[in-house]
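> The structure that follows is given in the form of structure tokens.
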Amino acid sequence: MPDPNVSPAPPVRIKVNGVEVVAPPGKRLLDVLVNTGTTVPHYCWHPGLTPAGNCRMCLVKVSTSRKLEVSCMIVPTEGLEVTTEGPEVDAGRKAVLEYMLVNHPLDCPICDKAGECMLQDNTYDYRKGLSRFEEDKVIRPTKDLGRNIKIWGNRCISCTRCIRFCDEVTGTSELTIVNRGDHSVADTHPEVPLDNPMSLCTVDICPVGALTDKNFLYQARVWFAERKDTICTSCAHGCNVTATVYKGEVKRLQPRTNHDVNGYWACDAGRLNIGHIASERRLKEAKGTIADIAKGLRDGGNKVAIIASSSHTLEELYLVRQLATALGARVGFLGKEGPSWTAKSGFTIEADKTSNRRGVDLFFGVVPPVVHLARAVWDGQVRSLLVLNQIPDIEWPQELVAAAPKPGWLGVSDMSENPLLPFAQAVVPTTCWAEKDGTVMNRDGRIQRIRPLVAPPAGTRSDLSFLQELLAALGLRKHVMSAEGVFREAFPGLDYAKVGALGVVPGASTAPPPSSERHVGSK
Amino acid sequence: MNPTNRDKPSTAPEAIGNKPPITPPAASGARVYASRPPPREREFTPAVKLELERICERYPKRDAALLPALRLLEREFGCVDEPGMRHVAALLGVSAAKVFGVFTFYTHYRRSTDGRYVMQVCSTLPCALRGSEKIFDQLAAELGIGKDGTTPDGMFTLKKVECLANCDMAPCIQINEDFVDRLTPEACTQILADIRAAEAARPGSNVRPAYRAPPQQYHLPPNPYPPVLLQHILEPGSETIDHYTRRGGYEQARKLFTSSRPPDEIIEAVFQSGLRGRGGAGFMTGQKWKFLAKNDKPRYLVVNADESEPGTFKDKLLIDKDPHLMLEGILIAAYAIKAKAAYIYIRGEFGRGARILNQAVDEAYAKGFLGKNVFGSTQDLDITVHRGGGAYICGEETGLLSSLEGGRGHPKIKPPFPAVEGAWGAPTIVNNVETLACLPGILEHGGAWFKSRGTEKSAGTKLFSLCGNVVRPGNYELPLGVPLRELIFDIAGGIPNGKKLKAVCPGGSSAPFLTAEEVMRDDPLIRLDFESLAAAGTMLGSGAIIVMDEDTCMVDAMWNILRFYAHESCGQCTPCREGTGWIAKTAGRFERGGARVDEIDKLDEVAWGMVGRTICVLADAAAMPARSILRKFRAEFEAHAQGKACGHDHGSFKKLPKGALHA
């Protein structure tokens, strides 16, 4: 808690290229420059890591020194004058770039990083392709560093971002720089591989194509791909991500910065959980019409049960509540648990492997575990059962699978094949989180938007539209609305614009989120 | 084989003091060299684990014991290997990767692939000028292996290493930890024969080497100027505390500690004496002490005994033959800066020096000159000897601190400077061995006495390490200000074999080179002091003076020192990491005759492009001498580029076939 008797340090007034700029106290100069829109090329600095000052790319002229200094290390003092452009700074940048390209291989044609590579961009901007180096380049090995990552040693520029990440964020310290001089390269101890739950973040932050994601290797040229923002739904953390979509497939997820949720990071398990989207196990054939399903539910009388999942969107849960209330149905919710993990920095991977448990709490309050409902089904207390699942790779509770033949009528809505299907009178192939619009509420109560990344497989429909049509068939609803329409109905006073790019906590002010840093311009 | 006193365990009793001194124990069990197949796990015995714990206690943070722990792995298992590194990582609470990164940074740790005898041929300029290439070629031919090769029987590994600080004994090699001086190709043959004979006489694969080279003999060349630091250096037993105290040693420290003189008064006295750092930078010692931050943090005195500047071999002499002179200097400095702990960072290759220092430190503890209540006063001082692992950049003060803290020798961004934020974030003073050795004299005789020798801005005497093509190489203690030509020609005998002088590098290889014409000029007369050499566009530096005769190919000389800087660059920052490698390779291409004339200017620009853009000045140390050679001996580069013989006998250096990459 800040001491109320001590006023906080005042901001510092500096001049950047002649223009006065207010710098928050204690922040490094490069941080200030980047966040006030001044472009300063850099490699080794990252806002989520301590600065290293080794790439020398961020050299600027400062009034406190005769020579150029690295802006990533300077903490500005009152009255500091900074020049980030002009012949002297340009000469410094050109020189550093020329040195950086001395041993860096001309791998662009085969390098995954092409198109999103800071070295490529800076070389294009500052050197126009000229290098005077005529010697033989140093050779460093290309090899696996662990399960997910392959390092191309020749490309490594020894910026140490990956090492600092493993030291400061995960605390697992599997990486180091080995050797000396121009034989320096990032590496592990030969017997201890890179193996932590967030290891793929090192690939994101590698400024060049040295560290590569084996799952993404050669999958797509990023300039042919689309980037789409969404939320990872593999646990209750709700990390903000951006998908790289190519030829209608999600090729990878990368973290998107959100200081109220995941900072700069995401975990491997979540970002790699995309194989199910285009899997062959996806359901495509429907069984039964909406009218059949409505009839099947009405036939249950007052012995209807609905089992949904805690990965359904807030809109869908709202509709489930509408349906359950109207039918007087008992409700249960499928879930998924797994190992949790906390990084040294505090980043957590939640044990709850679903995306919207808080949404369930919000609409339904405390609900008994779904196995209770499954036993009720087994005991014959349920005549009509509707099961809707949105959790990929769920482990179906044995009690529910065993009880599946018992009800008089069973309807199942799911994305992929599941053990209940043989007993279902109605089957609805449905879309997954990557194919629909909607919102989910993370563990902290923040509502965040998921967006469609790819077109759903033919024959599928979203639970959002299915539930609305079902409600309409039961005479409980007049119109079938978009996800935003349902959202406005469920949350009067809120709309998707207010949810924004970074989410909103209902009840908190609708002012923009407090984090003053938008990490602009570097990855 | 001569019996030596190296193998006797230290006989110093358990010392008085807060922390007992570190006494390396005698043989502690079987020493295994490169056992095949290597075990999958390594574990120290309980006794060695305890030894490591006691080492850890000497540092404020446990992981600073990493470099000493690697030496323990060497001693116990014969090498540092991957399971050993994991074991040490677990004991010290650091990651395996950290240990691996540290291990691969340094060159002097034994690897699991090393043979029983690692033959390290010094190849830097002073040894190259006196035929080191012939020594390497002889050994390579007889052993049938090339650079970095190991004989199939696992007996020999052959390496080229950088300056061993033994330049007056050039050409020299190091066999494991032993120096062998003034080699000839014939002597090489003899040594190999001696080694093989020793091994044959005592067979068995899992024992330590049977052969130890005879200990180095020290000598001083004749010198008309009276010695100050070197007064007693060659007397038998000069390295013992008894000898030192009998000649009045430790009296100044005793008087100081039992006085109530304010420490600031000592700082002022040293400042007024005009003493300037003797390690290379020449910064006013008293001024540096005045920069210490005033806060509650503990203060550290760190001794830079990482003598690695090519051509320099003065600290080695002081450490091996008069360590107590420096130790008393440490006491005085520690009093002045109020440090309770001092660390002597000694370069990894100085195994003998580290042993001698540990012995001297033990003796001082035993007499109550160190530890708790120094000289019966209320003050404490602990000294710890910390061996490096083989890296020139650990002579840079913040590179040294990074290494002392248990890491790779990476220089730190300045500011903050060590006097404000140094070792473990605390205010730290790093001083050179020779600088500290000057302190007892200054305290005894006063600043005016110190200033009475030397020049107005360069007070006192300095040790100059003269080497290369000169009749009497060696350490010369001279008052600052003696003309450079007087040293070379009037004192040291001039150039051997009737040859003419061609060039001099007057401050260690990081100093711009001087032509013979500049050296011999009457006006301006170049004197051996800070100002005169700076005015001549070079620097005094460490005081190493490398003399080159008319047969020296300057293209070869430049390539030689640029290879040194490329090997020694820590690799952190882009311009130095890439630039030193680049200019070394281009220089090599010039030497082979494969470069063009237009590349001379390019080489100059590439060297200049590193300057002022790096974390430390190793880049400058490579660029400045290189540029001076390019400028002053341009004709030789043009001749090489045009495919003409440069007119110099390449007997000192080796001519490589076109297409070969590195020597």
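Quick note: the coordinates plus some simple rules give every number you see, no bench work behind them. Keep in mind it's a predicted model, so treat the numbers as computed, not measured. Positions of Cβ are backbone-derived with ideal geometry, glycine not excepted, and every protein chain shown enters the neighbour counts.
> Calculated from DSSP H runs of 4 or more alone, at -39500 (n - 2.57) each and per residue, what is the 222 nm mean residue ellipticity of chain B, nearest 500? All intermediate terms of the calculation are to be shown ahead of the outcome.
Working: 25 runs with 251 residues, N = 663.
When only DSSP H runs of four or more count, the value is -11000 deg cm²/dmol.
> Excluding residues fewer than 8 places away in the same chain, name every one of the lysines whose C-alpha is closer than 16 Å to that of A:Lys295.
A:Lys287, A:Lys303
> Run the numbers on the range A:136-271 and let me know its relative contact order in percent, using alpha-carbon pairs under 8 Å that are six or more apart.
Details: 250 pairs, mean separation 27.1, N = 136.
This gives 20 percent for the range A:136-271.
> Among the trypsin sites (Lys or Arg not before Pro) within the range A:51-100, which fall in a DSSP loop and have no more than 16 other Cβ atoms within 10 Å of their own Cβ?
Hits after loop and neighbour filter: A:Arg66, A:Lys67.
> Just check the range A:290-499 against the gyration tensor rule for me: Cα atoms, a ≥ b ≥ c as the square roots of the eigenvalues, rounded for a/c under 1.5, and otherwise prolate or oblate depending on whether a/b exceeds b/c.
It is oblate, given that a/c is not under 1.5 and a/b is not larger than b/c.
> What is the distance, in nm, between label points placed 7 Å from the Cα along the Cα-to-Cβ direction at A:Ser482 and at B:Thr151?
8.3
> If R0 is 25 Å, what FRET efficiency do you get for A:Glu417 and A:Ala458 from their C-beta distance, rounded to 0.05? Intermediate values should be presented prior to the final figure.
Values: r = 17 Å, r/R0 = 0.67.
For A:Glu417 and A:Ala458, the calculated efficiency is 0.90.
> Measure off 7 Å from each Cα along the Cα-to-Cβ vector at B:Leu234 and B:Ala281, then give the distance between these two points in nanometres to one decimal.
3.5
> Give the shape of the range B:496-537 as rounded, prolate or oblate, defined through the alpha-carbon gyration tensor: a ≥ b ≥ c are the square roots of its eigenvalues, a/c under 1.5 means rounded, and otherwise the shape is prolate if a/b is larger than b/c and oblate if not.
oblate
> Determine the calculated [θ] at 222 nm for chain A from helices alone, applying -39500 (n - 2.57) to every DSSP H run no shorter than 4 residues and normalising by the residue count; nearest 500 deg cm²/dmol. Don't skip to the answer; put the middle values down first.
Numbers: 14 runs with 115 residues, N = 523.
One gets -6000 deg cm²/dmol as the mean residue ellipticity at 222 nm.
> Of the listed peptides B:427-437, A:38-48, what is their order by residue-averaged count of other C-beta atoms within 10 Å, with the highest listed first? Working shown, then result.
Values: B:427-437: 26.9, A:38-48: 21.8.
Put in order of decreasing packing, that is B:427-437, A:38-48.
> Then there is this: Give me a single rounded figure for B:93-106: the average over its residues of other chain Cβ atoms within 10 Å of their Cβ. If you can, show how the numbers build up before the last one.
Details: counts 0, 1, 11, 8, 17, 7, 2, 8, 11, 2, 3, 9, 7, 1.
Mean partner-chain Cβ count within 10 Å for B:93-106: 6.
> How much FRET efficiency would the formula 1/(1 + (r/R0)^6) give for B:Val597 and A:Ser65, where r is the Cβ-Cβ distance and R0 is 45 Å, rounded to 0.05?
Numbers: r = 37 Å, r/R0 = 0.83.
Using R0 = 45 Å, I get an efficiency of 0.75.
> Which three lengths, in whole Å and largest first, does the protein assembly as shown cover when its Cα atoms are put on their principal axes?
Between the extreme Cα coordinates on each principal axis of the protein assembly as shown lie 118, 70, 68 Å.
> Cross-link partners among aspartates and glutamates for B:Lys500, C-alpha distance below 16 Å, same-chain residues fewer than 8 apart left out?
Once the sequence-local aspartates and glutamates are set aside, what remains near B:Lys500 is B:Glu486, B:Asp490, B:Glu517, B:Glu518, B:Asp549, B:Glu550, B:Asp551, B:Asp649.
> Let me check I've understood the local charge: for B:Val555, count other residues with C-beta under 9 angstrom from its C-beta, Lys and Arg +1, Asp and Glu -1. What total comes out? Could the numbers behind the result be given before it?
Values: positive: none; negative: B:Asp556, B:Glu591, B:Glu636.
So the environment of B:Val555 carries a net charge of -3.
> Residue farthest toward the positive end of the dipole of chain B, with Cβ of Lys/Arg at +1 and Asp/Glu at -1: which of B:Ile615, B:Pro68, B:Met520?
B:Pro68
> Oh, and also: Pairs B:Lys297/B:Lys340; B:Lys316/B:Lys585; B:Lys340/B:Lys462; B:Lys134/B:Lys321; B:Lys61/B:Lys288: which exceed 20 Å Cα-Cα? Let's see the in-between values first.
On the way: B:Lys297/B:Lys340 11 Å; B:Lys316/B:Lys585 32 Å; B:Lys340/B:Lys462 28 Å; B:Lys134/B:Lys321 31 Å; B:Lys61/B:Lys288 26 Å.
Cα-Cα > 20 Å for B:Lys316/B:Lys585; B:Lys340/B:Lys462; B:Lys134/B:Lys321; B:Lys61/B:Lys288; rest within.
> Follow-up. Quick one: putting +1 on the C-beta of Lys and Arg, -1 on the C-beta of Asp and Glu, what dipole do you get for the range A:12-99 around its Cα centre, in Debye to the nearest 20?
140
> Share of antiparallel DSSP beta bridges in the range A:290-499, in percent to the nearest 5? Before the final figure, lay out each step's value.
On the way: 7 of 26 bridges.
Counting only bridges with both partners in the range A:290-499, antiparallel ones make up about 25 percent.
> OK, next. Please work out the Kirkwood hydrodynamic radius for chain A, using every pair of different C-alpha atoms, and report it in angstroms with one decimal place.
Hydrodynamic radius (Kirkwood, Cα only) of chain A equals 25.7 Å.
> For a footprinting-style exposure proxy, rank A:Phe423, B:Phe179 by other Cβ within 10 Å, fewest first.
Numbers: A:Phe423 15, B:Phe179 22.
Least to most surrounded, the residues fall as A:Phe423, B:Phe179.
> Grab the Cα-Cα distance for A:Ala9 and A:Val401, subtract it from 0.36 nm times how many residues apart they are, and report the gain in nm with one decimal. Walk me through the numbers before you get to the answer.
Values: separation 392, 0.36 × 392 = 141.12 nm, distance 6.19 nm.
Length difference between fully extended and current span is 134.9 nm.
> On to the next question. In nm, to one decimal, how far is the B:Trp424 label point from the B:Lys294 one, both placed 7 Å along Cα→Cβ?
2.5
> List the relative contact order of the range A:12-99 as a percent without decimals, with contacts defined as Cα pairs under 8 Å and 6+ residues apart. Could you put the intermediate results ahead of the total?
Values: 148 pairs, mean separation 31.0, N = 88.
Relative contact order comes out at 35 percent.
> Additional query: Mean Kyte-Doolittle hydropathy of -0.5 or higher plus an axial Cα length of 18 Å or more: which whole DSSP H helices in chain A meet both?
Values: long enough: A:87-103 (26 Å, 0.00); A:314-327 (20 Å, 0.70).
Counting only whole DSSP H runs, the qualifying helices are A:87-103, A:314-327.
> Sort the following peptides by mean Cβ neighbour count (other Cβ atoms within 10 Å, averaged over residues), highest first: B:102-115, B:49-62. Could you put the intermediate results ahead of the total?
On the way: B:102-115: 21.2, B:49-62: 16.6.
Put in order of decreasing packing, that is B:102-115, B:49-62.
> Output the relative contact order of chain B, whole-number percent, from Cα pairs under 8 angstrom with separation of 6+ residues. Numbers along the way, then the final one.
On the way: 1346 pairs, mean separation 94.7, N = 663.
Here the relative contact order equals 14 percent.
> Specify whether the C-alpha gyration tensor of the range A:12-99 places it in the rounded, prolate or oblate class, a ≥ b ≥ c being the square roots of the eigenvalues: rounded for a/c under 1.5, otherwise prolate if a/b is larger than b/c and oblate if not.
Numbers: a/c = 1.78, a/b = 1.21, b/c = 1.46.
It is oblate, given that a/c is not under 1.5 and a/b is not larger than b/c.
> Can I ask one more? Which chymotrypsin sites (Phe, Trp or Tyr not before Pro) does the range A:210-296 hold that lie in a coil by DSSP with at most 11 other beta carbons within 10 Å? Don't skip to the end; give the middle numbers.
On the way: sites: A:Phe216, A:Tyr218, A:Trp223, A:Phe224, A:Tyr246, A:Tyr264, A:Trp265; in loops: A:Phe216, A:Tyr218, A:Trp223, A:Phe224, A:Tyr264, A:Trp265.
Answer by residue number: A:Tyr218, A:Trp223, A:Phe224.
> What does the charge count near A:Val261 come to, summing +1 for each Lys or Arg and -1 for each Asp or Glu among other residues with Cβ under 10 Å from its Cβ?
Numbers: positive: A:Arg256, A:Arg443, A:Arg446; negative: A:Asp260, A:Asp444.
For residues surrounding A:Val261, the net value is +1.
> Same structure, new question: To the nearest 20 debye, what is the magnitude of the charge dipole of the protein assembly as shown about its Cα centre, counting +1 on the Cβ of each Lys and Arg and -1 on the Cβ of each Asp and Glu? Display every interim value, and only then the final one.
On the way: 143 positive and 136 negative charges, 301 e Å.
Dipole of the protein assembly as shown, to the nearest 20 debye: 1440 debye.
> Sorted from largest down, what three extents in whole angstroms do the Cα atoms of the range A:136-271 have along their principal axes?
Between the extreme Cα coordinates on each principal axis of the range A:136-271 lie 43, 33, 23 Å.
> Another question, then. Return the lysines within reach of A:Lys15: Cα separation strictly under 28 angstrom, same-chain partners fewer than 8 residues apart disregarded; answer none if there are no such residues.
Filter leaves A:Lys27, A:Lys61, A:Lys67, A:Lys94, A:Lys523, B:Lys412, B:Lys414.
> Further question: What is the antiparallel percent of DSSP beta bridges lying wholly in the protein assembly as shown, to the nearest 5? Please report the intermediate quantities before stating the final value.
Working: 64 of 116 bridges.
In the protein assembly as shown, DSSP labels about 55 percent of beta bridges as antiparallel.
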